[in-house]
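Comments concern the structure below.
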Amino acid sequence: MLTNTPASPQTDHSRPAWQQVTVATDLIPDLLTRSDDGAAQAHIAVLAETLDALPLIAPDGLRPPLLKAAAAFERANRSRIRARHEQAQATRRAVKAILREPTPKDAAALAIMLDVIWLAAIAARHWHQVRQHDQQAEAARQAAEHLRAAYQQAAAQPTAVIAERGRRLPVHVRQRQVAILRQVLPELAEQILAEPGWPALAATLADTTAVGHDPAALLTQAARHRELDTAGSLSDVLVWRLHHIADQASPHDAPARGERDTRFPVPAAQPVNRAANNTARRR
């Protein structure tokens with residue numbers, strides 16, 4: 001048990017509540033590894049509250065897998081470890097606030113939010129496994145499977161739009177992205193290049209370069225700090241994690257933190273809700 005417990009994540013209240021939840025949830029995997037057990041249990045508890053809220057704000061088509069995820073994770077939230085709830089109060093307030101806001105219309109932002117929640121469920125499973133909480137670990141695994149299904153459904157249309165842009169990239173630009181991929185992920189590069197999602201990843205890498213990011217550094221971060229073992233398509237997963245990370249990074253010529261960089265294009269499946277278009281940090 002650690003003696004130094006990280007403080008509760010701070011939220012940027014200028015952002016929509018669902019985006020605050022995305023940013024806070026993205027911290028949960030790291031917090032579970034660095035917090036004492038009481039604080040960690042509090043973060044798992046607020047993750048359960050997030051899953052309970054998601055079906056109420058999600059589009060109709062995503063509600064069935066999200067309801068299943070919430071039901072499964074209810075068991076993962078039960079533990080003999082007493083939660084230190086003050087460690088997750090900021091996130092809890094954001095979770096409650098999403099019920100008072102309009103449903104997010106930005107399909108890309110929704111995909112990013114579901115991705116980070118999926119990863120948090122995987123981290124919760126690992127946390128329970130280490131402590132031999134077998135029933136809770138299995139419940140978290142089941143929840144993660146349902147979240148992956150919801151994420152894949154949400155990401156399909158915007159990923160297809162990005163892939164079409166990728167197929168239209170000039171040859172020299174595509175070659176540059178291949179070189180970056182082989183430099184950063186030499187063991188996975190050929191697998192990713194053979195995937196249908198590679199054009200979308202190539203377009204995303206090109207976008208990060210265009211707005212002043214280092215695409216190799218962002219790709220390294222996306223692959224190193226995120227779960228890939230359960231991904232059906234590595235390229236699809238990396239597309240949204242790069243979007244998430246790039247939105248939070250601060251290249252020398254990018255807009256101020258908290259402002260949406262409109263030069264980093266993200267498609268929307270529906271007309272974008274402008275009040276909710278500041279997509280959170282990134283799959």
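What to note about this one:
- Local electrostatic count at Val173 - Lys and Arg +1, Asp and Glu -1, tallied over other residues with Cβ under 12 Å: +4
- For segment 152-244, the set of trypsin sites (Lys or Arg not before Pro) satisfying both a DSSP loop assignment and a count of at most 16 other C-beta atoms within 10 Å is given as Arg168.
- Compared with the alpha-carbon gap, the fully stretched path from Asp134 to Glu195 is longer by 18.5 nm at 0.36 nm per residue.
- For the peptides 119-129, 66-76, residues were scored by their other Cβ atoms within 10 Å and the scores averaged per peptide; the highest-first order is 119-129, 66-76.
We did not get these values from a lab; they are worked out from the coordinates using the rules stated. All of these numbers come straight from a predicted model, not from anything done at the bench. Note that each Cβ is placed from the backbone with ideal geometry, even for glycine, and that neighbours are counted across all protein chains shown.
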